[in-house]
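Notes follow once the structure below has been shown.
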Amino acid sequence: PLAMILGEAGKIDEALKLLDEYNDMGDQHSSVVTVRADVLALAGRASEGLKEIEALIDEKPSDISLLNASCWYRARFRVGVESMIDVCNEAVEKGSNAAAVLDSRAMAGIASGDLTAALNDVEEALRLAPQQVQTQFLRAWIANAMGKPEGKADLAYFRKAMPGFVQEYARYGLK
């Protein structure tokens with residue numbers, strides 16, 4: 001979305017203004033809030049963004065996908081880590097898109113330093129959805145961090161074939 005492009009370019013106020021103008025509190029409200037949270041995180045205000053996601057969960061408690069959004073956000077921006085794994089576990093238990101929530105929980109495992117749990121989650125996610133590229137990347141990153149030769153080779157492939165993707169994940173600490 002344009003707001004993310006603006007946020008990534010450091011134009012935080014413009015991005016937030018655009019999101020506020022676009023938010024009709026209707027069908028797109030959840031998407032607007034999660035993008036707004038990402039923009040806040042890019043501005044170094046990840047705690048503020050997490051509060052917005054948590055308020056959205058309170059507003060729409062039956063929308064289980066928001067638990068995954070919270071898990072993913074916490075893992076990417078290393079915020080709310082004291083309850084991150086609990087939120088991620090709840091997302092896995094209640095969620096309907098198992099591959100996506102396992103991917104998010106794997107990122108949380110990386111963030112918390114539990115590479116074995118993270119690897120188990122990516123393996124299961126890829127069993128369910130082998131085409132999930134972001135999970136393939138996480139598997140390569142984890143394997144490399146664990147000293148597995150195939151991880152180094154797979155990461156080299158991603159760096160060559162998908163440099164923008166690799167740069168995005170580097171922002172989340174996966175360098």
ask   = Mind checking which pairs have a first residue in region 24-51 that is within 20 Å of Val87 (Cα to Cα) and a second that is among the β-branched types (Val, Ile, Thr) and surrounded by 14 or more Cβ atoms within 10 Å (Cβ to Cβ), Cβ under 6 Å, 6 or more apart or different chains?
value = Ala37/Ile53; Ala46/Val79; Ser47/Val79; Leu50/Val79
Selection from region 32-91 of residues that are charged (D, E, K, R) and in contact with a helix residue (DSSP H, G or I) (Cβ under 8 Å, 6 or more places away or on another chain) = Arg36, Asp38, Glu48, Glu52, Glu54, Lys60, Asp63, Arg74, Arg76, Arg78, Glu90
key: Verdict on Arg76 being part of a helix (DSSP H, G or I), in contact with an Asp or Glu (Cβ under 8 Å, 6 or more places away or on another chain) and among the basic types (Lys, Arg)   = no
ask   = List, please: which pairs have Cβ atoms under 7 Å, are six or more places apart or on different chains, and start with a residue in region 136-153 that is free of Cβ contacts under 8 Å to residues at least 12 places away in the same chain and end with one that is loosely packed, with under 15 Cβ neighbours inside 10 Å and part of a helix (DSSP H, G or I)?
value = Asn144/Lys152
query = Does region 7-23 contain at least one residue that is part of a helix (DSSP H, G or I), without any contact (Cβ under 8 Å) to a residue 60 or more places away in the chain and under 30 Å from Ala140 (Cα atoms)?
reply = yes
query = What do you reckon, is Ala106 open to solvent by less than 10 Å² (accessible area, probe 1.4 Å) and part of a helix (DSSP H, G or I)?
reply = yes
request  = Among the residues of region 119-147, write down those that are assigned to a helix (DSSP H, G or I), within 16 Å of the chain's Cα centre (by Cα) and of a type in the set (S, T, N, Q).
outcome  = Gln134, Thr135, Gln136
inquiry  = Could you tell me how many of the residues in region 148-164 are basic (Lys, Arg), within 14 Å of Gln136 (Cβ to Cβ) and not in a helix (DSSP H, G or I)?
reply    = 0
message = If the requirement is being under 28 Å from Arg139 (Cα atoms), assigned to a helix (DSSP H, G or I) and open to solvent by less than 60 Å² (accessible area, probe 1.4 Å), which of these qualifies: Val32, Val92?
response = Val92
key: Extreme residue, surrounded by the fewest Cβ atoms within 10 Å (Cβ to Cβ), among residues of region 156-168 that are under 14 Å from Thr135 (Cα atoms) and modelled with pLDDT of 95 or more   = Met162
key: Breaking point among (1) surrounded by 17 or more Cβ atoms within 10 Å (Cβ to Cβ); (2) under 15 Å from Ser104 (Cα atoms); (3) without any contact (Cβ under 8 Å) to a residue 40 or more places away in the chain, for Ser83   = (1)
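The values are calculated or read from the model by the stated rules, or taken from the named source; none is laboratory data. Just so it is clear, the model here is predicted, and its values are computed rather than measured. All Cβ positions, glycine included, derive from the backbone under ideal geometry; neighbour counts span all protein chains shown. The protein model used for the area step is the full one, side chains on, heavy atoms only, and it has no ligands, DNA or RNA in it. Shrake-Rupley method; radii C 1.70, N 1.55, O 1.52, S 1.80 Å.
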